[in-house]
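Here's the structure, in structure tokens; my notes come after.
The values are calculated or read from the model by the stated rules, or taken from the named source; none is laboratory data. Only a predicted model underlies this, so the values are computations on that prediction, with no experimental measurement involved. With ideal geometry, Cβ positions are generated from the backbone for all residues, glycine too; neighbour counts draw on all protein chains shown.
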Amino acid sequence: MTTIKEYHNNISPNWCPGCGHFSVLRALQVAAVKLQIPNEKLTVVSGIGCSGRFSGYVNAYSFHGIHGRSLPIAQGIKVANKELTVVAAGGDGDGFAIGLSHTLHAIRRNINITYLVLNNQIYGLTKGHTSPLSDIGTQTKSTPTGSLETPIKPGIIALANGISFLAQGFSVYQEQLVNIIIKAIQHDGFSMVNIFSPCVTYNKTNTYQWFRKHLVNLEEVQGYQTENFETAMNKLIETDGLCTGVVYQNSNSTSYLNKLSQNGLTPAMDTSLPLTRGDFEEIINLYR
Ligand SMILES: Cc1ncc(C[n+]2csc(CCOP(=O)(O)OP(=O)(O)O)c2C)c(N)n1
Ligand code: SF4
């Protein structure tokens with residue numbers, strides 16, 4: 001029986017007190033316990049940012065990658081060993097600025113991994129620059145007179161690009177976040193959870209109070225159907241992306257690994273073999 005204690009690794013997060021990222025970390029740990037995923041079967045990959053530190057705080061296999069590159073690493077891990085539950089985590093800058101193309105390709109590739117976007121609409125780690133998700137008018141050190149650019153809408157981009165599972169959460173709605181992450185992990189395909197995770201130090205606009213006022217909980221919308229693409233797109237437009245819950249799920253989508261096997265192909269690595277530490281020279285010689 002895996003317990004929450006086993007998902008802690010005794011490293012204290014160095015996030016600012018009140019940062020939304022704490023709650024996302026906790027939600028993943030609780031979800032992993034509820035799903036009874038053994039520690040050694042969970043792999044957490046992150047990019048760079050305050051959110052990038054995420055992978056270091058979970059007692060599981062983890063990989064702290066480079067900025068904007070959590071998804072290629074996470075997809076590679078899943079294809080190499082499909083027995084693992086692979087979760088990638090990163091900030092809105094990580095996934096929608098430098099890493100945007102990887103996000104789009106991961107969506108269309110539909111490899112069975114879960115992507116947690118810790119969205120604070122700002123670059124936290126670099127001390128509060130605007131991000132491509134910052135609202136127009138956001139004043140930061142990089143836009144002292146206010147951002148002039150139209151923000152990217154992550155949900156709409158993901159849906160338009162054919163995502164098979166899209167959910168949105170809020171750090172404060174812990175129970176909903178846990179349930180969403182469970183559904184995302186269980187989904188057979190690429191799942192993205194866009195989480196409003198306030199940066200209390202640098203984003204003075206999109207605060208906890210602001211989100212409480214603006215977010216629409218889709219679970220409270222009568223008759224909302226998560227399997228209906230058009231309803232999902234309309235709801236994102238209508239709420240300006242400010243909604244929580246499972247936005248869209250296509251349960252009939254075929255994941256990349258299933259497509260491989262349907263075509264008589266196997267992933268690059270034979271996962272029936274135990275992982276061994278190979279002789280480096282021997283491996284290099286294979287490619288000479
Ligand atoms: C290749 C590269 N470019 C730029 C940076 C500088 N950098 C580090 S974190 C970051 C953005 C952080 O913002 P976000 O991804 O939204 O995460 P947060 O810190 O807000 O959680 C940037 C631009 C870097 N580390 N590597
Ligand atoms: S700077 Fe912002 S995102 Fe980074 S730890 Fe502090 S509150 Fe969180």
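Would you confirm whether or not the stretch 228-239 contains a residue that is surrounded by 20 or more Cβ atoms within 10 Å (Cβ to Cβ), more than 26 Å from VAL33 (Cα to Cα), at pLDDT 95 or above and out of contact with any Ser or Thr (no Cβ under 8 Å at 6 or more places or on another chain)? The answer is yes; a qualifying residue exists.
Please state which of the following conditions TYR57 fails to meet, knowing it meets all the rest: (1) more than 16 Å from ligand 2 (Cβ to nearest atom); (2) hydroxyl-bearing (Ser, Thr, Tyr); (3) buried (at least 19 other Cβ atoms within 10 Å of the Cβ). It is condition (1) that TYR57 fails. Does ASN39 qualify as being out of contact with any Ser or Thr (no Cβ under 8 Å at 6 or more places or on another chain), over 25 Å from ASN203 (Cβ atoms) and not β-branched (Val, Ile, Thr)? No; evaluated as a whole, the condition is false for this residue. Restricted to the stretch 85-115, and to residues there that are within 16 Å of ligand 2 (Cβ to nearest atom) and among the hydrophobic types (A, V, I, L, M, F, W, C), the residue that is farthest from ALA160 (Cα to Cα) is ALA89. The single condition among (1) part of a strand (DSSP E or B); (2) within 16 Å of ligand 2 (Cβ to nearest atom) that TRP210 does not satisfy is (1).
Tell me yes or no: at least one residue of the stretch 173-188 is part of a strand (DSSP E or B), hydrophobic (A, V, I, L, M, F, W, C), in contact with a Ser or Thr (Cβ under 6 Å, 6 or more places away or on another chain) and at pLDDT 95 or above. No, the conditions are met nowhere in the stretch 173-188. Within the stretch 105-122, is even one residue surrounded by 23 or more Cβ atoms within 10 Å (Cβ to Cβ) and of a type in the set (Ser, Thr, Tyr)? Yes, because at least one residue in the stretch 105-122 is surrounded by 23 or more Cβ atoms within 10 Å (Cβ to Cβ) and of a type in the set (Ser, Thr, Tyr). Consider the stretch 178-204 and keep the residues that are of a type in the set (Val, Ile, Thr) and within 14 Å of ligand 1 (Cβ to nearest atom). The one that is surrounded by the most Cβ atoms within 10 Å (Cβ to Cβ) is ILE195. Can you say whether ALA97 is in contact (Cβ under 8 Å) with a residue 24 or more places away in the chain, more than 23 Å from LYS213 (Cα to Cα) and buried (at least 20 other Cβ atoms within 10 Å of the Cβ), as far as the supplied structure shows? When the stated conditions are applied, ALA97 does not pass them.
Can THR150 be described as more than 16 Å from ligand 1 (Cβ to nearest atom) and surrounded by 24 or more Cβ atoms within 10 Å (Cβ to Cβ)?
Judged against the criteria, THR150 is not a match.
No other residue among ILE73, ILE48 is modelled with pLDDT of 95 or more, within 24 Å of ILE98 (Cα to Cα), within 11 Å of ligand 1 (Cβ to nearest atom) and β-branched (Val, Ile, Thr) apart from ILE48.
The set of residues in the stretch 23-59 being in contact (Cβ under 8 Å) with a residue 60 or more places away in the chain, hydrophobic (A, V, I, L, M, F, W, C) and within 24 Å of GLY93 (Cα to Cα) consists of VAL24, ALA27, LEU28, ILE48, CYS50, PHE54. With respect to the stated conditions, GLY18 fails to be within 16 Å of ligand 1 (Cβ to nearest atom) and in contact with a strand residue (DSSP E or B) (Cβ under 9 Å, 6 or more places away or on another chain).
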